[in-house]
Amino acid sequence: MSWTPDSEMQEKIFYFAIQNSLQYDGKGQLSSVMGKIMGSYPELRKYAKEIRNIIQEDVQTANNIASNEGLSKLKEILENKAPDLLEKKIKEKRKGLPELKVNPEKNPIFRFAPNPNGPLSFGHSRGIVINSEYAKKYNGKWILRFDDTDTVRKPPLKEAYDLIQQEVEWLTGKKADKVVIASDRIETYYRYAEELISQGGAYVCTLSAEEFRVFRKEKTNSPDRNRTPEDNLKLWKKMLNGEFSPGEAVLRVKTDMKLPNPALRDWPALRIQDTQKNPHPREEINSKYQVWPLLDFQSGIEDHLQGVTHIIRGKDLMDSTRKQTLLYEHFGWEYPETLYWGRVKIHEFGGFSTSGMRKSIDEGVFSGWDDSRLPTLASMRRRGFSPKALQNFWIELALTQKDISASMETIHAHNVKIIDNTSKRLFFVKNPIKLTLTEKILNIPQEFKTRIHPENDSMGSRKWDFKKGEITIYIEKEDLELAYINSNKIRLKDFADIEIDNCQASIISFNPSEKLPIIHWVERENSAEALLETVINNNLKLIHGRLESSIKIEIGSVVQLERIGYAKLEDKNKLIFLHD
């Protein structure tokens, strides 16, 4: 799909590039401007490739202006053409996480509470990073809690418990200070439910959901609410003894039925689940219990018991805070300090959910949780992302309640800063064409060297010799066609200009010609067949080629493939693409 911006949009992109260069002292970044454009104009996301090329040119132009004429010139351009962008630049940019209200006499306790219905997604990593970073910042602790009390709507996945703990350790570099599994503590929730019933703060409701909805809508009390605590305790025992079926009884927390928010009116705390039909995946639990706490009750009780001082959650869970605050009022407890963040949408990830991914994996659409196309930590880890890059991304966004749209380009930029200096440069030739290379000039050197990393001498050099008078090399099929349109001549990177005649090639110069395109290549004796796994149009593709073999690379290392991008060596002859 081709797209060309109109003059108005072209100007907007240019001024965003000017603003970014000014903000970063003449070192504007493509990824930052890309994220800004995509966030401001979501309708342009389908033209990301075309826009990327335009932004790249504008960012370079802006940086050149800063280099040649100074930052004052950038400021002058915005003052005259886009003063609103200048105002945004002037605001001081806060770095890192904001300060919290912390009791100086008490070490804070944080928690992250995923539903283990699958391994962690990229979105989950925000909760892990923010909570663990705050715990470190204030010499506190953070708890990993598995909220696994729903076997019907979001049934837990048995292997997810161990996988999530492994992913937490990968992402933060250490284990959580404490691990709590809610399904191990059902009896505890029962005790607090009975206490709440005994003090008149909860009642067993035998109305159907439809029948109760009428009272909630009319802001009037259900007749079930008038029972005595003694009668409610008897009904509660019947719930526990299996004398009610799912939907026939539920324990509700008493609140004011005239509260403005309908969700807060006598909200349900514990319900009956058919665990014969939907058993818990943990063998020690299985069908042991029929009555299960709903998340707001279970989470509220657990936060108090674990001494949680700060809850950091999405703003979509504000109703949970209100419900739990009403529960705490019944018990006379102090509710934790609560902070919220807005939604973060990554353009390239679309509308993935853990439940949806699990279904697609079961149906064979994806190969597993580490499939390259999925926005999971398992996938990002397999592909070679640095956990520090994810940490930096979330810390930079911090706790704003504003909904944010971002591009993977931003995460890639964080990752490049970390991996670039340690990533060896390798040649991988796709769709290889074999050429026999001979000398056409005199006094050809017998040994050649070129650095493995242009800015890191400690990585050493690659070497090859020309003692036999000829060598066999491979170039890409597309590059052979490129040579044809340049009078059959092309330059081999870091080596020589060559002239191609069918399957033969001759060295014509060691001095690079400014007119010839530069291509990468490999020598037969120092390369081996290899596969590169990548994603094209959301489909997995295995690209056949030849990879340099003379440079020692450990399995699991990230390298930069010339003219392709970063990739991880998954095994001896298999690479998986990371990003540009």
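The values are calculated or read from the model by the stated rules, or taken from the named source; none is laboratory data. Just so it is clear, the model here is predicted, and its values are computed rather than measured. Quick reminder, even Gly has a Cβ in these numbers, built from the backbone with ideal geometry, and neighbours come from all protein chains shown.
Quick notes on this one:
- Residue match in the stretch 365-387 (condition: under 24 Å from the mean Cα position of the chain (by Cα), surrounded by 15 or more Cβ atoms within 10 Å (Cβ to Cβ) and over 24 Å from GLU169 (Cα atoms)): yes
- Being surrounded by fewer than 10 Cβ atoms within 10 Å (Cβ to Cβ) and modelled with pLDDT under 85 is a condition met by at least one residue of the stretch 95-103.
- Beta carbons closer than 6 Å, at least 6 apart along the sequence or on distinct chains, pair a first residue in the stretch 489-518 that is in contact (Cβ under 8 Å) with a residue 12 or more places away in the chain with a second that is in a loop (DSSP other than H, G, I, E, B) and of a type in the set (Lys, Arg) for SER506/LYS440; ILE507/LYS440; ILE508/LYS440; ILE518/LYS493.
- Residues that are surrounded by 16 or more Cβ atoms within 10 Å (Cβ to Cβ) and touching a helix residue (DSSP H, G or I) at 6+ places or on another chain (Cβ under 7 Å) within the stretch 536-551 comprise GLU548, SER549, listed in sequence order.
- Against the numbered list (1) under 18 Å from PHE428 (Cα atoms); (2) in a strand (DSSP E or B), PHE448 comes up short only at (1).
- Residues located in the stretch 502-515, provided they are surrounded by fewer than 18 Cβ atoms within 10 Å (Cβ to Cβ) and either out of contact with any Asp or Glu (no Cβ under 6 Å at 6 or more places or on another chain) or modelled with pLDDT of 90 or more (or both): ASN502, CYS503, GLN504, PHE510, ASN511, PRO512, GLU514, LYS515
- Qualifying residue in the stretch 425-445 (condition: touching a His at 6+ places or on another chain (Cβ under 9 Å), closer than 28 Å to HIS544 by Cα, in a helix (DSSP H, G or I) and at pLDDT below 95): no
- Which numbered condition LEU399 fails, given (1) over 25 Å from ARG45 (Cα atoms); (2) in a helix (DSSP H, G or I): (2)
- Looking only at residues in the stretch 138-157 that are modelled with pLDDT of 95 or more and among the charged types (D, E, K, R), the one that is nearest to LEU295 (Cα to Cα) is ASP147.
- VAL535 fulfils the conditions (1) out of contact with any Ser or Thr (no Cβ under 6 Å at 6 or more places or on another chain); (2) among the hydrophobic types (A, V, I, L, M, F, W, C); (3) farther than 15 Å from LEU426 by Cα except for a single criterion, (1).
Let's see how each residue does on (1) aromatic (Phe, Trp, Tyr); (2) free of Cβ contacts under 8 Å to residues at least 24 places away in the same chain; (3) assigned by TED's automatic domain parsing to the domain that holds GLY314; (4) in a helix (DSSP H, G or I):
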{"position": "PRO114", "(1), (2), (3), (4)": "no, no, yes, no"}
{"position": "ILE143", "(1), (2), (3), (4)": "no, no, yes, no"}
{"position": "PRO156", "(1), (2), (3), (4)": "no, no, yes, no"}
{"position": "ASP162", "(1), (2), (3), (4)": "no, yes, yes, yes"}
{"position": "ALA176", "(1), (2), (3), (4)": "no, no, yes, no"}
{"position": "ILE186", "(1), (2), (3), (4)": "no, no, yes, yes"}
{"position": "LEU196", "(1), (2), (3), (4)": "no, no, yes, yes"}
{"position": "GLY200", "(1), (2), (3), (4)": "no, no, yes, no"}
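- Count of the stretch 336-391 residues which are among the hydroxyl-bearing types (Ser, Thr, Tyr), touching a helix residue (DSSP H, G or I) at 6+ places or on another chain (Cβ under 9 Å) and more than 23 Å from GLU133 (Cβ to Cβ): 3
- Residue match in the stretch 198-206 (condition: under 26 Å from GLY127 (Cα atoms), surrounded by fewer than 15 Cβ atoms within 10 Å (Cβ to Cβ) and in contact with a Pro (Cβ under 9 Å, 6 or more places away or on another chain)): no
- Boolean, ASP177 is over 26 Å from the mean Cα position of the chain (by Cα) and at negative phi: no
- Residues of the stretch 276-295 that turn out to be more than 34 Å from the chain's Cα centre (by Cα) and farther than 19 Å from THR206 by Cα, as a count: 5
- Matching option when the condition is part of a strand (DSSP E or B), under 15 Å from GLU439 (Cβ atoms) and not charged (D, E, K, R), among ILE508, ILE490: ILE508
- Some residue of the stretch 137-147 being out of contact with any Ser or Thr (no Cβ under 9 Å at 6 or more places or on another chain) and closer than 17 Å to ARG313 by Cβ: yes
- When the stretch 552-580 is filtered for residues that are buried (at least 18 other Cβ atoms within 10 Å of the Cβ) and either among the aliphatic types (A, V, I, L, M) or not assigned by TED's automatic domain parsing to the domain that holds ILE473 (or both), the ones remaining, listed by number, are VAL558, VAL559, LEU561, ILE564, ALA567, LEU569, LEU575, ILE576, LEU578.
- Filter pass, LEU264 being within 27 Å of ASP148 (Cα to Cα), touching a strand residue (DSSP E or B) at 6+ places or on another chain (Cβ under 7 Å) and not β-branched (Val, Ile, Thr): no
- If you filter the stretch 331-378 down to residues that are among the hydroxyl-bearing types (Ser, Thr, Tyr) and in a loop (DSSP other than H, G, I, E, B), you find that the one that is modelled with the highest pLDDT is TYR335.
- Helices (runs of 4 or more DSSP H) within the stretch 1-82 that include 3 or more residues crowded, with 18+ Cβ neighbours inside 10 Å and in contact with a Gly (Cβ under 9 Å, 6 or more places away or on another chain): 7-23, 48-69
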